[in-house]
Amino acid sequence: RQLAPSGRRLLDSGARGRGAWLRRALPRPVSTAAMTAMVAAAVVLGIVLAGTQHRLEQAQSANQAVAAVLGAPGARIVTGETTVGGTVTAVISARDHEAVITAAGMPAPPASRVYQLWLISASGARSAGLMPASGAGSTSPVLTADVRPGDHLGITIEPAGGSARPTTAPVALLPVDA
């Protein structure tokens with residue numbers, strides 16, 4: 001009578017068979033190149049993931065800052081029409097000296113121009129940044145600090161990249177105090 005092979009011999013022979021097949025199927029230079037490509041892909045994926053994580057953390061921080069202004073005690077809302085069409089809305093926290101500004105219904109600025117936000121006082125204008133491009137007619141919120149009593153929030157049309165001082169008359173002007 002013939003005995004069945006032991007399980008150990010079956011496992012050993014199967015492992016040898018698979019390993020031998022892989023060695024025959026992939027020549028050594030191909031397997032080395034494949035391993036190098038896999039390692040490179042893993043490194044690139046790690047770098048992309050780290051960059052994405054950093055952008056996510058920045059967005060979360062910005063959203064928290066906007067939420068703080070929107071929820072600040074005594075924050076008030078000021079809305080006004082623009083001369084180019086659309087409206088501008090600002091939520092102003094006098095206590096925190098900050099404001100969150102959005103625009104809706106404003107047309108895209110002319111080619112190679114941008115909308116720039118200003119804090120305007122008797123002593124001059126201070127840039128508060130560029131209004132983000134609006135694909136659907138509404139801009140993302142812009143958070144600005146150093147808002148002082150007596151300031152006005154203004155929006156002008158400036159050359160791409162913005163300017164150090166306003167070069168056009170404001171298309172919107174909102175009082176900080178009301």
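The values are calculated or read from the model by the stated rules, or taken from the named source; none is laboratory data. As the structure is a prediction and not an experimental result, all values here were calculated from the model. Note: ideal-geometry Cβ built from the backbone for every residue, glycine included; neighbour counts use all protein chains shown. Keep in mind that these areas ignore ligands, DNA and RNA; they rest on the heavy atoms of the full protein, side chains included. Shrake-Rupley method; radii C 1.70, N 1.55, O 1.52, S 1.80 Å.
When P132 is tested against (1) within 20 Å of A67 (Cα to Cα); (2) buried (at least 17 other Cβ atoms within 10 Å of the Cβ); (3) of a type outside the set (G, A, S), exactly one condition is not met: (2). Considering region 72-178, the qualifying strands (runs of 3 or more DSSP E), each wholly inside and each with 2 or more residues that are under 24 Å from the mean Cα position of the chain (by Cα), run over 87-93, 98-104, 113-121, 124-130, 142-145, 152-159.
Residues checked against (1) modelled with pLDDT of 90 or more; (2) within 14 Å of V171 (Cβ to Cβ); (3) touching a Phe, Trp or Tyr at 6+ places or on another chain (Cβ under 9 Å); (4) open to solvent by 20 Å² or more (accessible area, probe 1.4 Å):
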{"residue": "A65", "(1), (2), (3), (4)": "no, no, no, yes"}
{"residue": "L70", "(1), (2), (3), (4)": "no, no, no, yes"}
{"residue": "A75", "(1), (2), (3), (4)": "no, no, no, yes"}
{"residue": "T87", "(1), (2), (3), (4)": "yes, yes, no, yes"}
{"residue": "R95", "(1), (2), (3), (4)": "no, no, no, yes"}
{"residue": "Q116", "(1), (2), (3), (4)": "yes, yes, no, no"}
{"residue": "T144", "(1), (2), (3), (4)": "no, no, no, no"}
{"residue": "R148", "(1), (2), (3), (4)": "no, no, no, yes"}
{"residue": "G154", "(1), (2), (3), (4)": "yes, yes, yes, no"}
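Taking A108 as the residue in question, decide whether it is among the small types (G, A, S) and either in contact (Cβ under 8 Å) with a residue 60 or more places away in the chain or surrounded by 14 or more Cβ atoms within 10 Å (Cβ to Cβ) (or both). For A108, the condition - among the small types (G, A, S) and either in contact (Cβ under 8 Å) with a residue 60 or more places away in the chain or surrounded by 14 or more Cβ atoms within 10 Å (Cβ to Cβ) (or both) - is not met.
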